[in-house]
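Asks: Take this structure, written in structure tokens, and hold onto it; I'll ask about it next.
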Amino acid sequence: MTHLPTDHSSEVKSGQRFQFGENWAHFLRALDESRIVTAEQSLKTMLGRESLAGLSFVDVGSGSGLFSLAARRLGATVLSFDFDPQSVQCAAALRSRYFSNDSSWTIHEGSALDAGFIEGLGQFDIVYSWGVLHHTGNMWKGLDLVTRLVGPSGQLFIAIYNDQGYISRRWARIKKLYCSGRLGRSIVKAICIPYFVLPPLLLDLVKLRDPTRLYREYRRERGMSKLHDWYDWLGGYPFEVARPEEIFDFYTGRGFLMERMTTCGGGLGCNQFVFRRPLRD
């Protein structure tokens, strides 16, 4: 089932898209049981559920496939899809490793901006899209289309980059430079990786703290890798942002109720939201 409104490879070659799937393939080499358990716990916490047994779960932009795997292990029937062919392969690799020949986990290549594709998937109890829709090239269309996937009384769990004004616009230019080719990528890495690493490292050394502390804490939050998320951040283009109140107004204006919100405190990162569609709109 493949309905792509644009060609992924041509966007990558023209410098208009980061190869997220390539980064996630590297991340899977570091995936272990503790990361999976952490991912499961983050789902349980945000969704307010101890189990997903008997529920349907769609992973919109499944990336590494980690959260599809977590949802499946929590008992959900899972459908994963991604626009990036390598990301699709990542999810397939995890299914093969942990749920071989499992009919309760299906994987497709498709775009969150393709209305026909979205309509064909049906509706789900839980719609999950963490850090994805701001990379589609048309975030507000994606935010609108995913509502079609949410069944009656279903939950929508999304995370969207915080709007920091001119800082966000500067990062958009950096990301575009990163995706422009080998030279641009080398320039961005040479400048930004030390920017990420050195300040917190020096602060920990001055305060006589363990310099690996931030990396371990980051891993404990969602089971992800700080190093791989750095590359995802630096190259994550297309890139759009929104203020928390914009997301709140967007979905409540469409009849959704907000159950939970976790913000990044106005700084760099994603604001997380869980909305619920009322039993009757």
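Asks: For the range 264-281, enumerate the residues that are surrounded by 15 or more Cβ atoms within 10 Å (Cβ to Cβ) and of a type outside the set (Gly, Ala, Ser).
Replies: Cys264, Cys270, Asn271, Gln272, Phe273, Val274, Phe275, Arg276, Arg277 - these are the residues of the range 264-281 that are surrounded by 15 or more Cβ atoms within 10 Å (Cβ to Cβ) and of a type outside the set (Gly, Ala, Ser).
Asks: Among all residue pairs at least 6 apart or on different chains, which show Cβ distances below 8 Å where the first residue, located in the range 30-55, is farther than 19 Å from Ser129 by Cβ and the second is modelled with pLDDT of 95 or more and not in a helix (DSSP H, G or I)?
Replies: Ser51/Leu74; Ser51/Gly75; Ala53/Leu74; Ala53/Gly75; Ala53/Ala76; Gly54/Gly75
Asks: Can you say whether Ser100 is farther than 29 Å from Asp249 by Cβ and touching an Asp or Glu at 6+ places or on another chain (Cβ under 8 Å), as far as the supplied structure shows?
Replies: no
Asks: Keeping to the range 15-27, report how many residues are under 15 Å from the mean Cα position of the chain (by Cα) and either in a helix (DSSP H, G or I) or among the β-branched types (Val, Ile, Thr) (or both). If you could, list the steps in order and put the result at the bottom.
Replies: Applying the first criterion (under 15 Å from the mean Cα position of the chain (by Cα)) to the range 15-27 yields 18-25, 27.
After this cut, where a residue has to be either in a helix (DSSP H, G or I) or among the β-branched types (Val, Ile, Thr) (or both) as well, the list is 20-25, 27.
Counting residues in the range 15-27 that are under 15 Å from the mean Cα position of the chain (by Cα) and either in a helix (DSSP H, G or I) or among the β-branched types (Val, Ile, Thr) (or both) gives 7.
Asks: Further, regarding this structure: Does the range 246-262 contain any residue that is within 19 Å of the chain's Cα centre (by Cα), within 15 Å of Asp125 (Cα to Cα) and at pLDDT 95 or above?
Replies: Within the range 246-262 (the criterion being within 19 Å of the chain's Cα centre (by Cα), within 15 Å of Asp125 (Cα to Cα) and at pLDDT 95 or above), the answer is no, since none of the residues qualifies.
Asks: Same structure again: May I ask you to say which residue of Val58, Val88 is closer than 17 Å to Gln155 by Cβ and either in a strand (DSSP E or B) or in contact with a helix residue (DSSP H, G or I) (Cβ under 9 Å, 6 or more places away or on another chain) (or both)?
Replies: Val58
Asks: Shifting gears a bit: Quick one: Ser96 ticks every box in (1) under 21 Å from Phe157 (Cα atoms); (2) assigned to a helix (DSSP H, G or I); (3) polar (S, T, N, Q) except a single one, so which number is it?
Replies: Of everything listed in (1) under 21 Å from Phe157 (Cα atoms); (2) assigned to a helix (DSSP H, G or I); (3) polar (S, T, N, Q), Ser96 misses just condition (1).
The values are calculated or read from the model by the stated rules, or taken from the named source; none is laboratory data. As the structure is a computational prediction, the values presented were derived from the model and not from experiment. When we count neighbours, we look across all protein chains shown, and the Cβ atoms used for this are built from the backbone with ideal geometry, even at glycine.
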